[in-house]
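What follows is a short report on a single structure.
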Protein chains: 2
Amino acid sequence: MFSHLSEFHAWLAQRRRANAYHVAEVPLDRLTNWYSDETTGNLLHRSGRFFSVQGLDVAGAGREVDAWQQPIIVQPEHGILGMLVKEFGGRPHFLVQAKMEPGNVNLVQVSPTVQATRSNYTGVHGGKAVPYLDYFVAPRGGRVLFDALQSEQASWFLAKRNRNMLVQTEEDVPLLDDFCWLSADQIAALLHQDNLINMDTRTVLSGAVAVRRSASGGGGDDFRGALARSAAVGARAHHDFAELLSWFTEAKGHCTLTRRLIPLSSVRGWSRTDRVVQHDDGQHFTVLGVDVTATNREVGGWSQPMFAPRSEGVIAYLARRIDGVVHLLVQARVETGAFDRVEMAPTVQCQPENYRSATTRPLFLQEVLDAPAGRIRFEAVHSEEGGRFYHATSRYLIVEVGEDFPLDVPPRYAWLTVRQLMDFVRFGSHLNVEARSLLTFLGFYDTDADRLAAVV
Amino acid sequence: MFSHLSEFHAWLAQRRRANAYHVAEVPLDRLTNWYSDETTGNLLHRSGRFFSVQGLDVAGAGREVDAWQQPIIVQPEHGILGMLVKEFGGRPHFLVQAKMEPGNVNLVQVSPTVQATRSNYTGVHGGKAVPYLDYFVAPRGGRVLFDALQSEQASWFLAKRNRNMLVQTEEDVPLLDDFCWLSADQIAALLHQDNLINMDTRTVLSGAVAVRRSASGGGGDDFRGALARSAAVGARAHHDFAELLSWFTEAKGHCTLTRRLIPLSSVRGWSRTDRVVQHDDGQHFTVLGVDVTATNREVGGWSQPMFAPRSEGVIAYLARRIDGVVHLLVQARVETGAFDRVEMAPTVQCQPENYRSATTRPLFLQEVLDAPAGRIRFEAVHSEEGGRFYHATSRYLIVEVGEDFPLDVPPRYAWLTVRQLMDFVRFGSHLNVEARSLLTFLGFYDTDADRLAAVV
């Protein structure tokens, strides 16, 4: 336990020093244990496990661009992202890990207690056992607070889902190297720091908002108070839950998206060099290869392909108070790779660079980019999953618009309270991973500045 | 409106007489507008629409039988099953239709206000417009009470889902021929009658339990009282909701089911004659063809393949009181054709004839078949969807077991309250169609016998 965050930072610096890591870009055709299928050009692991990179033909998306082809990561198995929760001094703490992921700009970030693909925890790569895994695999002790199959970046993954779990224990938990307990308040503070709390932690924490937030609301007239009321049970909402379920079902009914796996070598608009697969106009992302060595991972070294975005993403909610209660503008978004095609997404979610010369730009993007500083309630740059994505960062924003902003929005958008997002996130395949990160920021928004200051 | 159910029966008899129907079995190779693909043997419509009959290879089901092949209906589009609700004299009434379906043993049954495939309501077959459709298609008036994408018979359909909708209106609704208003009490009484309330009505009504049931519970010491408490908001439950979500996620995590479409002509264990496709041991079902004529359907006549089960199904909940609250024994069941492979199903769901000489029989089947009359709280024979299934009937049962029945059940089973089923049914792909029918029987269980008697 840390009584001040400075102790945490010292610990993290010490963990960085304790282990040696090296990540080097290498040509795709020189990746150990990976090969390109002769017929399709697909990138495959020699074991037939882990994941593959294939081509995807997309049509009927009904977005700014309706049809396209792209490389996609295919990884049909479910991994586990699990966080152990325990009360110390009457306050919930979360067991986190200082973990290296080759794609992180700063290599080591804070990850959940367990972050394991099925290949990891069934021992396919012959590595070390996954620590603390027993808390998350039945039959297990402890009390499950949250357990849902959740999608991940649907622009880059086809039908990928991971099991997100929060398990509360009262047992004594031995503390291993690279692990530490953080309180909810400490996590709240650390979420403001760039590239520190990794994606896997953020998505699991979206299920912990109920642990952090009082169910009773209250609060003053400022944004913080309006946010507390938004998270309260029975928060006065612009739409009732039946309307929102119908809005979401309607979006699925209208969805005309079709997806078809195609050979990676035949993807239109993309080319393979000896080193990478890249977009012909330099947009979207590049598929590249890395060699990794680490002293504290399940295996000492490995090679793998990764997706490297060409530009930073912008992921934002417009927030608006309605009768003194914060509402978020949520999009029922056709998600390229999502299992059920439509999920709830932030107001804006894109790489703005891709639309620099486009005639149609994503709705509400300009409102986010032009937001004056006084309207920005949250802003931080965070990394996407560093196990598959290379230097993939996104600017996460919560922008409060005035009460003159229209309540009447296009049919695929709706205003939701934080409590409604909390009710939906318990059911998998409702909030996409970007919306879950933002829910975590909202849920862990410093609800008690004085108390927080004391902790920091 | 009918003040007594005898008036309803007279009306239904009159509707039967007002229209002429004829259904005749014909060989599959003589179905107008249908053909067998030369290479695959698949049964296809010449328009490329409606549905097709193909082969399915199933492995890793983890049920009594782990792997098999079978014919399957492929119909990827979402239809609408919609019911209009309106208060008359302060009580909710449902607009239903006397509708002929070729597979019904008695041809005409009670169907929802709208029961339309996408082909129906987009006019693919060039038939008449679907009455009342405007109430269910955006932009629409009225208040949506329920709107979810729900699966249908997963033993016979691949990934079929229909949109189930309840829309409340306060407008004057013109009453067309073949339509009538039924009160919730009248429907409750009619659900006890064999082969009358069709599957589409039953599944939509599973979303109307909250309309029918008081949220406050109460009730006496008998089954009826314990059932009322089970449907109350905050009913004391054996498992909390987080545990149930985790149990369901766990079942998905354990599921190893794989499915692969194969040519109908190559399905192992099934043979095609000039007339039908049938199982070599005379089990499961037969694929047959019918010619249909009707004077009051969207088109005057048509031909189609149907699935005809070889024996009656048994679909049952074991119910047990826990601390005076009825709990149902629900199964997280690997469902052959279900979109997400695992759904919540009744305790027992099978055709017992298929297990006559099997060494492993479905769990709890014997308890249901051997239940003494005094333990049976509900029993009726109902038809499955008469548009695809020919004379497909199932015996629906709710059997109350004593408090000596073990609470400790195998991991893929759990005890749920009616309120928990009501909370899950709002989210599509949680309760399978058989579980939804039983939820309707539980939800419409005559809560007020005196009032009901007055209505009947």
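Key figures for this structure:
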| quantity | calculated |
| --- | --- |
| The stretch A:138-173: number of residues that are outside any loop (DSSP other than H, G, I, E, B) and more than 13 Å from chain B (Cβ to nearest Cβ) | 2 |
| Number of positions in the stretch A:210-227 that are surrounded by 24 or more Cβ atoms within 10 Å (Cβ to Cβ) and among the aliphatic types (A, V, I, L, M) | 1 |
| Test: A:Leu176 is more than 12 Å from chain B (Cβ to nearest Cβ) and open to solvent by 10 Å² or more (accessible area, probe 1.4 Å) | yes |
| Qualifying residue in the stretch A:74-89 (condition: away from every other protein chain (no Cβ under 14 Å) and over 25 Å from A:Phe179 (Cβ atoms)) | yes |
| Those strands (runs of 3 or more DSSP E) lying entirely in the stretch A:21-107 with at least 3 residues closer than 30 Å to A:Tyr413 by Cα | A:52-59, A:68-74 |
| Residue within the stretch B:388-398 that is under 30 Å from B:Val26 (Cβ atoms), aliphatic (A, V, I, L, M) and open to solvent by less than 10 Å² (accessible area, probe 1.4 Å) present | yes |
| Members of the stretch B:317-340 that are away from chain A (no Cβ under 14 Å) and more than 26 Å from B:Ala235 (Cα to Cα) | B:Val334, B:Glu335, B:Thr336, B:Gly337 |
| Of residues in the stretch A:2-19 being more than 17 Å from A:Leu107 (Cα to Cα) and out of contact with any helix residue (DSSP H, G or I) (no Cβ under 9 Å at 6 or more places or on another chain), the one surrounded by the fewest Cβ atoms within 10 Å (Cβ to Cβ) | A:Ser6 |
| Failed item in (1) crowded, with 18+ Cβ neighbours inside 10 Å; (2) closer than 30 Å to A:Pro76 by Cα, with B:Asp423 passing the rest | (1) |
| Options A:Gly428, A:Gly402; residue that is open to solvent by 10 Å² or more (accessible area, probe 1.4 Å) and within 14 Å of another protein chain (Cβ to nearest Cβ) | A:Gly428 |
| Some residue of the stretch B:341-353 being within 14 Å of chain A (Cβ to nearest Cβ), under 23 Å from the mean Cα position of the chain (by Cα) and more than 22 Å from B:Met422 (Cβ to Cβ) | yes |
| Scope the stretch B:320-330; condition open to solvent by 10 Å² or more (accessible area, probe 1.4 Å) and out of contact with any helix residue (DSSP H, G or I) (no Cβ under 8 Å at 6 or more places or on another chain); matching residues | B:Arg320, B:Ile322, B:Asp323 |
| Selection within the stretch A:4-35 - under 25 Å from A:Phe389 (Cβ atoms), without any contact (Cβ under 8 Å) to a residue 24 or more places away in the chain and among the small types (Gly, Ala, Ser) | A:Ala13 |
| Positions within the stretch A:109-130 being more than 14 Å from chain B (Cβ to nearest Cβ), part of a loop (DSSP other than H, G, I, E, B) and modelled with pLDDT under 95, in sequence order | A:Gly123, A:Val124, A:His125, A:Gly126, A:Gly127, A:Lys128, A:Ala129, A:Val130 |
| Selection from the stretch A:74-91 of residues that are farther than 21 Å from A:Arg140 by Cα and surrounded by fewer than 17 Cβ atoms within 10 Å (Cβ to Cβ) | A:Pro76, A:Glu77, A:Phe88, A:Gly89, A:Gly90, A:Arg91 |
| Residue count, the stretch B:156-173 (criterion: open to solvent by less than 10 Å² (accessible area, probe 1.4 Å) and closer than 18 Å to B:Tyr121 by Cβ) | 4 |
| Residue check for A:Thr293: among the hydroxyl-bearing types (Ser, Thr, Tyr) and either part of a loop (DSSP other than H, G, I, E, B) or in contact with a His (Cβ under 6 Å, 6 or more places away or on another chain) (or both) | yes |
| Strands (runs of 3 or more DSSP E) completely within the stretch A:184-280 that count 2 or more residues being within 14 Å of chain B (Cβ to nearest Cβ) and not aliphatic (A, V, I, L, M) | A:258-262 |
| Of all residues making up the stretch B:237-271, the number that are in contact with a helix residue (DSSP H, G or I) (Cβ under 8 Å, 6 or more places away or on another chain) and surrounded by fewer than 18 Cβ atoms within 10 Å (Cβ to Cβ) | 2 |
| Boolean, A:Gln153 is open to solvent by 10 Å² or more (accessible area, probe 1.4 Å), polar (S, T, N, Q) and on the phi < 0 side of the Ramachandran plot | no |
| Among (1) hydroxyl-bearing (Ser, Thr, Tyr); (2) more than 19 Å from A:Val433 (Cβ to Cβ); (3) buried (at least 19 other Cβ atoms within 10 Å of the Cβ), the one test that A:Tyr317 misses | (2) |
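The rows are residues; the columns are (1) in contact with a strand residue (DSSP E or B) (Cβ under 6 Å, 6 or more places away or on another chain); (2) crowded, with 23+ Cβ neighbours inside 10 Å; (3) within 14 Å of another protein chain (Cβ to nearest Cβ); (4) touching a residue at least 60 places away in the same chain (Cβ under 8 Å).
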position	(1), (2), (3), (4)
A:Ile72	yes, yes, no, yes
A:His93	yes, no, no, yes
A:Leu107	yes, no, no, yes
A:Tyr132	yes, no, no, no
A:Phe136	yes, yes, yes, no
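The values are calculated or read from the model by the stated rules, or taken from the named source; none is laboratory data. As the structure is a computational prediction, the values presented were derived from the model and not from experiment. We place every Cβ from the backbone using ideal geometry, glycine too, and count neighbours over all the protein chains shown. These accessible areas exclude ligands, DNA and RNA; they are computed on the full protein's heavy atoms, side chains included. Shrake-Rupley method; radii C 1.70, N 1.55, O 1.52, S 1.80 Å.
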